[in-house]
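For reference, the structure is listed below as structure tokens.
Values quoted throughout were computed directly from the atomic coordinates according to the rules given, and no laboratory measurement underlies them. Computed from a predicted model, the values in this text were never measured in an experiment. Note: ideal-geometry Cβ built from the backbone for every residue, glycine included; neighbour counts use all protein chains shown.
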Amino acid sequence: MRFLLDAEQRAFANSLDAMLTAADTPSVVRDWSRGEHDSGRALWSRLAEAGVFALAVPADYAGMGPLPVELAVGFVELGRHAVPGPLAETVAAAALLAELADPGPAERLLPALVSGEASATLALDGSYALDGDTATVRLALTAGELRLAPGHGPVRGCLDPARRLTPLTAGGELLSAAPPVGHALTWARLATAAQALGVGLALLDRTVAHVGRRTQFGVPVGSFQAVKHRLADARTALDFARPLLFGAALTMAPADVAAAKVTACEAAYTTARAALQLHGAIGYTAEYDLSLWLARARALRAAWGGPAECRAAVLAGRAARP
């Protein structure tokens, strides 16, 4: 099946691409990794102005959604530019709050998430929260209850230096005794899959440009058959992931989204391995911008359910179908 974006969706993607290119996101990522968040928060506000976070929020709470296809379009561009911050977590938190039986928490918290005045993180059953030290809305699910965490613990490292993990402080205001966790997980996986696809596309573009410039034996490295095969395999994996992503965005079935997540993340990981090998020693250096996407591909692969967990969700979903 072939999925084509309409003119409005393509314009949205192009506008985000232009804005993020001008923002010099590699420098923003490096600032975020050092705990300097001013440039990241400024970029966050611009993304909110572009409507990125409103796509997961119903109009009743100042949003424009839910529009999962458009959100996937936007998050591909966020991944392509390696934008830091709790992006998927804010989407998951927004989707969760919007589905609570009591509209009070949504009415209080969602408008600020839509406008970019606030960001959110979410920890499920004692797991670490991404950027709990910078997020202004910290949601913790413990023993089936959703609470607004009053604080966070010490920052811990991650495969990606720009992804800062923190445990959330126990207790806090009770928001729901029966939150729709599966709904939030589905949105988080969709956003993560879209980011991973964007990361893979950026890695492929950068590697194609690199092997076209680098020469050996008087000819570009990219002219070697072995190099062409590695890049063709990466391109095929990414092209296969794209329709799964947008197909899942259309259905929003948990099994479909899990399939899209594992496929996009594995495609990005495959592309990252090829990019690292074809760049040679420079690909290992943290100072080289490629490292920002390499680290992100590895981290997204494990975020919101690794390959084994997502494959299990696909099988469970298929078994449940009549």
Treating the angle as unsigned and between 0 and 90°, give the value, to the nearest 10°, between the Cα long axis of helix 290-302 and the longest Cα principal axis of the chain. 50 degrees
Binned at 10 Å from 0, what are the whole-percent values of the Cα-Cα distance distribution for the range 7-179, short to long? 11, 39, 36, 14, 1
Just how large is the dipole of the range 182-320 about the Cα centre, in debye to the nearest 20, putting +1 at every Lys and Arg Cβ and -1 at every Asp and Glu Cβ? 160 debye
Report the local net charge at G182: Lys and Arg +1, Asp and Glu -1, summed over other residues whose C-beta lies under 12 Å from its C-beta. 0
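For the chain, what is Rg from Cα atoms divided by 2.2 N^0.38 Å, rounded to two decimals? Write out the running numbers ahead of the final one.
Details: Rg = 19.4 Å, N = 322, 2.2 N^0.38 = 19.7 Å.
Normalised Cα radius of gyration, the chain: 0.98.
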Span from the the range 272-310 Cα centroid across to the the range 223-251 one, whole angstrom: 16 Å
For S119, the residues 5 or more places away or on another chain with a placed amide H closer than 5 Å to its own amide H are T136, V137
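Defining a contact as two alpha carbons under 8 Å apart and six or more residues distant in sequence, what relative contact order in percent does the range 182-320 show? Let's see the in-between values first.
Values: 174 pairs, mean separation 48.0, N = 139.
Computed value for the range 182-320: 35 percent relative contact order.
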Semi-axis lengths, Å, the range 182-320, gyration tensor of Cα atoms, sqrt of 5 times eigenvalues: 32, 14, 11
